[in-house]
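Take a look at the structure set out below.
The values are calculated or read from the model by the stated rules, or taken from the named source; none is laboratory data. Just so you know, these numbers come straight off a predicted model, no measurement behind them. FYI the Cβ positions are ideal-geometry reconstructions off the backbone, even for glycines, and counts take in every protein chain you see. Please note that ligands, DNA and RNA were not included when accessible areas were found on the heavy atoms of the full protein model with its side chains. Shrake-Rupley method; radii C 1.70, N 1.55, O 1.52, S 1.80 Å.
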Protein chains: 2
Amino acid sequence: MIDHLSTTFAALSDPTRRAILARLAMGETSVKELAEPFSISAPSITKHLKVLERAGLITRSRDAQWRPCRLEAAPLLAVSDWIENYRRFWEHRMNRLDDYLSTLEIKEARKHARKRKP
Amino acid sequence: MIDHLSTTFAALSDPTRRAILARLAMGETSVKELAEPFSISAPSITKHLKVLERAGLITRSRDAQWRPCRLEAAPLLAVSDWIENYRRFWEHRMNRLDDYLSTLEIKEARKHARKRKP
């Protein structure tokens, strides 16, 4: 059985699917409207929507005739929680890079100061 | 050509690969050490490492004989930036849920208050 997070990441590994999510973050919309900005066929869009639906990233209303698509927050929150575990790691890495660059700048400034001495 | 973010998400869509990253967040390590906690073959681990390496999530040193693996920050930062765009969306959604639950609680409290009246 594939875990939820793996299904979510797999669903996010396509630029068209991410563009669909970006559009849905602005509000519910029909499949027809969703397909308009893309130069791909309606069956392709439907295929992408099915992947997003299986991952729980979108839901489609059964009530209305036009079956609007809606973005769901829970899987995005799970991704955010997962990546948050690595924040300390990259902040530490970035700080070390900053320290290194500062050391280089100090060295460079000293070199120039020595050159300027009579 | 597949974009960087898609390659990163595809690499993250596997629990073994995510476990490898979690281990590497604690420090550099050899492939042998990495493989120990997993009940899968060395060639399988090597295959997973190649996927992570192609996504830029890890690098392997060419210097040392034991070629240590090292976690890289940049692709994780890109994922964090991407998910950050949706923060406003899910916070708004969660606030609406909170409002709804508060309304339910108020209704429930009123119902009980009416029942208690003589």
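For region A:83-99, the condition of being part of a helix (DSSP H, G or I) and more than 27 Å from B:Leu12 (Cα to Cα) holds for at least one residue.
For A:Ile2, the conditions (1) more than 9 Å from chain B (Cβ to nearest Cβ); (2) loosely packed, with under 13 Cβ neighbours inside 10 Å are fulfilled apart from (1). Restricting the search to helices (runs of 4 or more DSSP H) fully inside region A:13-79 and requiring at least 3 residues that are within 12 Å of another protein chain (Cβ to nearest Cβ) and open to solvent by 30 Å² or more (accessible area, probe 1.4 Å) gives A:15-24. Screening A:Trp66 against (1) more than 28 Å from B:Arg70 (Cα to Cα); (2) in contact with a strand residue (DSSP E or B) (Cβ under 8 Å, 6 or more places away or on another chain); (3) of a type outside the set (Lys, Arg) leaves a single unmet condition, (2). Which residues, counting only those in region A:82-101, are more than 8 Å from chain B (Cβ to nearest Cβ) and among the hydroxyl-bearing types (Ser, Thr, Tyr)? Listed by number, the list holds a single entry, A:Tyr100.
Residue-by-condition table, conditions (1) within 30 Å of B:Glu33 (Cα to Cα); (2) modelled with pLDDT of 85 or more; (3) touching a helix residue (DSSP H, G or I) at 6+ places or on another chain (Cβ under 7 Å):
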| position | (1), (2), (3) |
| --- | --- |
| B:Pro68 | yes, yes, no |
| B:Leu71 | yes, yes, yes |
| B:Asn85 | no, yes, no |
| B:Thr103 | no, no, no |
| B:Ile106 | no, no, no |
